[in-house]
Amino acid sequence: MTQMGRGFVPRVLVAVAVVLLLLYWFLHRTLPDEVLPALDRGLVGVFLGSVGVCCLPFVYALLGRWGPTNYEISEKRISKSDIAGLRVVLWKDVKGYTPSRSSEFPNVISILVHSKRRGMVLWIAEGDLAEQVMTTFRQRCPLIPEDEEERSGKPVPSDFEILQLLLTTVVYSGVVGYLLSACFSRPVLIFVFLITLLVGPGTMGCLLLYGKKTFRNKNLKCFAYVFNFFGLVLVISALVLFDFYYWSQVIKELEQQGKTDITSTPRTTLIHPTPS
């Protein structure tokens with residue numbers, strides 16, 4: 001968890017900072033000056049909240065180190081209890097197991113339990129207890145070698161590919177949001193939202209990167225749906241911002257017309273007659 005946090009926290013914070021700066025620039029050009037102090041405080045609060053959310057993996061990792069992890073292997077089930085709660089895998093649902101070692105954690109054996117529903121990973125220190133556990137697994141279920149493991153056939157997008165998916169999602173959302181703001185219609189809006197959620201920028205990006213594997217691979221489909229949902233959120237945000245910008249310009253034009261009418265109206269001076 002700590003290593004994962006070190007990898008993604010700086011990227012997430014940089015992305016959030018860029019988005020907030022763009023939003024700051026946009027709103028400062030459209031909102032009246034009276035609202036800007038509260039807006040600045042709100043954007044700073046959003047960034048500080050993002051920092052707090054990004055720190056959760058580190059907090060979770062510390063709590064996980066301080067809290068115990070207990071495994072129990074019985075005749076009917078395998079259970080794991082830690083800070084995340086109790087997880088149970090029944091032996092009747094186990095399809096096999098895959099032992100492996102990690103260079104990051106020497107002297108520890110990792111056992112991946114393949115289940116029909118939800119898998120489980122056991123971390124056991126080398127020794128007699130580990131040998132007993134491995135013997136139990138050999139007797140109860142088949143071995144699935146690591147090179148034939150199901151997850152090895154699930155391609156994981158690299159950082160550059162994720163960046164491509166992100167750029168595709170942002171461009172798609174900006175263009176679609178602008179078109180919806182230009183020709184707003186409720187049936188068209190609902191249709192575009194459904195298309196974005198089902199076969200939106202995530203699906204299109206994965207098709208460009210992986211082709212037909214996108215529809216056959218669960219991992220890629222998951223990535224596609226995540227970016228589709230993210231694209232839907234961005235489309236809605238872009239639509240709101242474009243409409244907000246349009247009406248702010250209309251209000252400014254009306255205000256300018258009102259000031260022009262006031263200055264162009266001739267003054268009427270009432271002269272009181274002086275008594276004779």
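Can you give the net charge of the other residues whose Cβ lies under 15 Å from the Cβ of Pro201, counting K and R as +1 and D and E as -1?
Details: positive: Lys221; negative: Glu161.
My count for the surroundings of Pro201 gives 0.
Evaluate the distance, in nm, between pseudo-label points positioned 7 Å from the Cα of Leu63 and of Phe47 along their respective Cα→Cβ axes.
About 2.8 nm separates the two model spin labels.
Taking θ = phi - 60°, what integer Hz values does the Karplus form 6.51 cos²θ - 1.76 cosθ + 1.60 yield along the range 21-31, in sequence order, with x for Gly and Pro?
Taking θ as phi minus 60°, the curve returns 5, 5, 5, 4, 4, 5, 6, 5, 8, 10, 7 Hz for the range 21-31.
Mind ranking 46-52, 183-189 by how tightly packed they are, going by the mean number of other C-beta atoms within 10 angstrom, highest first? Show your work: numbers first, answer last.
Details: 46-52: 12.9, 183-189: 10.1.
In descending order of packing, they fall as 46-52, 183-189.
Report, to the nearest 10°, how far helix 36-54 tilts away from the longest principal axis of the Cα atoms in the chain, using its own Cα long axis and a range of 0 to 90°.
Taking Cα atoms only, the helix is inclined about 0 degrees.
Rounding to the nearest 10 and keeping the result within 0 to 90°, find how far the Cα-based axis of helix 128-140 lies from the longest principal axis of the chain.
90 degrees
Please work out the FRET efficiency for the pair Leu22 and Asp159, using the Cβ-Cβ distance as r and a Förster radius of 35 Å; give the result to the nearest 0.05.
Details: r = 22 Å, r/R0 = 0.63.
After rounding, the FRET efficiency stands at 0.95.
Could you work out how far the C-alpha centroid of the range 71-124 sits from that of the range 13-57, in angstrom?
42 Å
Can you flag which of Lys80/Lys212; Lys95/Lys213; Lys76/Lys213 are past 27 Å Cα-Cα?
Numbers: Lys80/Lys212 38 Å; Lys95/Lys213 24 Å; Lys76/Lys213 37 Å.
Going by Cα-Cα distance, Lys80/Lys212; Lys76/Lys213 fall outside the 27 Å limit.
Report the local net charge at Trp123: Lys and Arg +1, Asp and Glu -1, summed over other residues whose C-beta lies under 12 Å from its C-beta. Kindly include the intermediate steps, with their values, before the conclusion.
Values: positive: Lys80, Arg101; negative: Asp82, Glu104, Glu126.
Computed value for this residue: -1.
How much net charge surrounds Val108 when only other residues with a Cβ under 12 Å from its Cβ are counted (Lys, Arg +1; Asp, Glu -1)?
Working: positive: Arg101; negative: Glu104, Glu126.
Every neighbour counted, the sum reads -1.
With the cut-off at 1.5 for a/c, could you classify the range 68-153 from its C-alpha gyration tensor as rounded, prolate or oblate? All intermediate terms of the calculation are to be shown ahead of the outcome.
On the way: a/c = 1.26, a/b = 1.02, b/c = 1.24.
Rounded shape, in that the Cα axes give a/c under 1.5.
By how many nm would the segment from Phe105 to Ala182 grow when fully extended, if each residue of separation counts as 0.36 nm and the alpha-carbon distance is taken off?
Working: separation 77, 0.36 × 77 = 27.72 nm, distance 5.64 nm.
Full extension from Phe105 to Ala182 adds 22.1 nm.
Within 10 Å of each residue's Cβ, count the other Cβ atoms and sort Trp25, Trp123 from fewest upward. Don't jump to the answer; show the numbers that get you there.
Working: Trp25 9, Trp123 13.
Least crowded to most crowded, the residues run Trp25, Trp123.
Can you list the HN-Hα couplings for the range 192-209, worked out from phi with the Karplus curve (6.51, -1.76, 1.60; θ = phi - 60°), rounded to whole Hz and with x for Gly and Pro?
So the Karplus estimates, Gly and Pro as x, are 5, 4, 5, 4, 5, 6, 8, 10, x, x, x, 5, 5, x, 5, 5, 5, 7 Hz.
Can you work out ³J(HN,Hα) from phi for every residue in the range 164-170, in order, using Karplus 6.51 cos²θ - 1.76 cosθ + 1.60 and θ = phi - 60°, giving whole Hz and x for Gly and Pro?
4, 5, 5, 5, 4, 5, 5
Describe numerically, in nm with one decimal, the distance between label points set 7 Å from Cα along Cα→Cβ at Gln249 and at Ala15.
Label-label distance for Gln249 and Ala15, simple model: 3.0 nm.
Does the chain classify as rounded, prolate or oblate by the C-alpha gyration tensor (a ≥ b ≥ c root eigenvalues; a/c under 1.5 gives rounded; else a/b over b/c gives prolate, otherwise oblate)? Mind showing how you got there, number by number?
Numbers: a/c = 3.97, a/b = 2.50, b/c = 1.59.
Prolate.
How high is the FRET efficiency from Lys92 to Ile190, r the C-beta distance, R0 51 Å, rounded to 0.05? Numbers along the way, then the final one.
Values: r = 45 Å, r/R0 = 0.87.
That gives a FRET efficiency of 0.70.
Values in this text are rule-based calculations from the coordinates and carry no lab data. The structure displayed is predicted, hence computed values, not measured ones. Note that we place each Cβ from the backbone using ideal geometry, even for glycine, and neighbour counts take in every protein chain shown.
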